[in-house]
Every structure is written in C-alpha cells, then in structure tokens.
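Only one structure is covered here, and it is reproduced in the block below.
The values are calculated or read from the model by the stated rules, or taken from the named source; none is laboratory data. All values reported here derive from a predicted model rather than from experimental measurement. Every residue, glycine among them, receives a Cβ derived from its backbone with ideal geometry; neighbour counts consider all protein chains shown.
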Amino acid sequence: MALPNPYTPSDRPRVFVGRDSERDRLRDRLARVSAFGEMMGPLVVVTGPRGVGKTSLLRDVAAQAEHDGFVVAWAAGLKHQPFLGEIVSAVTRSLERTEVAPRARGTRVSQVGLELNAGIAKISARFDQRASSTHSTALIGPFEDFLGDASRLVRERGGAGLIVMIDELHAPLESRRDREYVPDPGALLDAAILLNAVQNMGAERERYPLGVIGAGLPPTKGLLTRAATFGERSHEIVLGELDDGAAAEVLTAPAVQLDVSWAPAALSRAVAAADGYPQSLQIIGSATWDVARPSAGATLTLDDIDRAWPDAQRHLTSLFEARWSVASGTERAFIRAMAASADEVVRRGAIAATLGVGTEALGMTRRSLISKGIIEEAGRGLLRFTVPGFGEFVRRQSGES
C-alpha cells in the first residue's frame, strides 16, 4: 500500500529540522521567563526571505513553550493595517482557550474592554485605531497594562507566563508607494506603541512574565526603527539557506518516519537542486514521493527524481512567477539586469552598468525589491536573489537561456 506524502510545500513541515541554533537561542530566552517570572528581554525579530522557515521556527518554539506551561498568543500582521487590536484579540482568545479566563462577550478590536474573574484579575485596554499619532503616549500605558495583567494572570494560575508571537511583522509597515516610504499611519503608530511598551516593561522586568517574538522579511528591523529609533535595539535572528547536512535531513527525516529511505545519489541530486532553500526541498521531496508512491521499506532513487522533475519544475516556476508578478516595470528592468549575470552574487555596479545609470539611481528600486522579498543583500555592494533558481527563470523569460 502506498504511504501518504509526508512533505508539505508552502506549509509547516511535519518534521522541523535544521534550525537548532536559532531554536536554542529562543528557548533560552523563554527559560528566563519560566525560571524568574520576568520579561524575556527586548523584542526578538526572526528575519529572512520568504520560504526559509521563519513561521515554522516560531510554530516549533510555540509548541514547546505551550508544553512548558506558557500561554502562547499568535497574531499575524496584514498589509498596511494596524495590528495592536489583533494582538489584544489573540491574547484574549488564548486566555479563553486555555481556560485561564472565561469567554468574554461583546468585545471589539477597536475598543476592547475585558474583565476577567472579578475580584482576582482585571485586564483592560482601550484602543481607537483611528487615533492620530498625537495620542500615542496615551495608548502606551493601556497596552502595557493589558500585557502585564494578562501575563501575571497566567503566572498566578500556575503557568510559566505569556508569549506573544507576531508573524508577518513587516506587512503592516510596508510602504504604500514604490518610490518613497509612505506607510499606513495607524500601523506606524502601533509599531511605536509596541516598541515603547516592550522597552518600558523591560525596565521593570520582574513585573512581567512575558516574551514578545516577531517574524518578518529582511527589512523588518529597519521598518521598526522607522517607527521608533530604539527599534534598533530589537534582537534580530537572521535565517538563511540551510547547509547540505540540514537540507538532507529535511528530506530524510519525514521519510524515515514512514520507513522509507533515500538513495545517496538521489539525496545528493535533490539537495543540490534545492540549493539550501527549504521550500524547494519540500517541493522536490513531495514531487518525488508522488511519482514513486513508495511502500514501507522502499528507497527513493535517481530515476524517481528524474520522473518527478517536470512536476517539481512546474511548482518552482509558479513560485518564481508569484515573485515576478509583484514587481513593477522599473523593478523588472532591475531584475533582468541582475539576472544577466549568471553569478549567484551580483555587484550593484554591474547592475547599474547594464541599465546605463549610476549606482545611486538604484537605491529606491533596490530597497523596494528587498522589501518585497525578491532580492537580499549579500555583502557590501552585493545582491542576490532570495530564491535559488530565480535568475535562471528570469533569463528564460528573456530568452537568454
């Protein structure tokens, strides 16, 4: 009987491997909350291109944190939208789900008033997302009180503390325009409130059994710093491509659970084709499994990969097309100039020369492409595409390869 496909392209992997160092760093910070009942420290932001496993890392840490007695509230930023209301709602739902608090009725994201267990604990906050930036100071205190009371309630009930995780943290703060930074004012205000609140609570860390962890694209920390200059104090954990050993484990670990192995030559071919990109590994693994339809005790072979490659290529092309579709005309010209070099890392000067402009003229377009997760810095004056194989895709589009 054929076994179910254990690979999960564009979804959380069933077996999370390859980020041991980053996972340990996050868990060590949460251990401070558990052991001392105090703030875990400054805001931690996990950054990296799309598809490298930021959300998967946070989900893995969240699962372990819940096992260790934390209440975990999960929120996600929406493009150009204020997000503090979603954090308040996520914390409220998590307290209800874990039965720390009874279900509150009639709560609203824009004007939240939540009272828990009268006489034992009270959590209240007021947010008017239409408020102007002049009201930012008045909103910081209520947000601190909300998170402080919520985290202490968890601790009083025997839990380790409260962990707030904010995925897609870059999305609310992205510019509404390509040529200049024009963010949503409400989202920028929310980021300033969040940063101020975390900073203030850190100064009295013994009062807050709390941790706040975010994840976003590479520009996230810079976007936060635009909201409040001390956003630069946020602790950044940068995820990149996996090394060959970790990449191989991404493929073998799910298969081993079903008593299926990879032939060494097939594994080497798959690892080389994915070039360390986790999403590509899942696509290749899934396509290979579908054509092989293995039973327990089977081995995936080079022949399986060869037969699976057309389907894997279609999925990868879809991935490339999604990135290409969000690029403006000016950005596509930049991308074509960058792809003209078959090198993995391209100098900005070479791109400028191809376009016939000075390097200073590239600044806004470069920043926009980095913000969209299409390219990333690879050193001073150096750039590369975030997804391996994207340059070849662009050259095919241009009829150059």
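Key figures
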read-out	value
Residue that is modelled with the lowest pLDDT, among those in the stretch 204-217 that are of a type outside the set (F, W, Y) and outside any strand (DSSP E or B)	L217
Qualifying residue in the stretch 372-389 (condition: surrounded by fewer than 20 Cβ atoms within 10 Å (Cβ to Cβ), outside the structural domain of V52 (by TED's automatic domain parsing) and farther than 26 Å from L169 by Cα)	yes
Selection from the stretch 155-203 of residues that are over 24 Å from G373 (Cα atoms), free of Cβ contacts under 8 Å to residues at least 60 places away in the same chain and not in a helix (DSSP H, G or I)	R157
Residue in the stretch 59-79 that is of a type in the set (V, I, T) and surrounded by fewer than 17 Cβ atoms within 10 Å (Cβ to Cβ) present	no
Filter result for the condition that a residue is assigned to a helix (DSSP H, G or I) and within 30 Å of T252 (Cβ to Cβ), over A62, A90, A2	A62
Residues that are exposed (fewer than 15 other Cβ atoms within 10 Å of the Cβ) and out of contact with any strand residue (DSSP E or B) (no Cβ under 6 Å at 6 or more places or on another chain), drawn from the stretch 345-356	G349, A353, G356
Filter result (buried (at least 20 other Cβ atoms within 10 Å of the Cβ) and basic (K, R)) within the stretch 213-231	K221
Residue count, the stretch 350-401 (criterion: under 19 Å from the mean Cα position of the chain (by Cα) and within 14 Å of A327 (Cβ to Cβ))	12
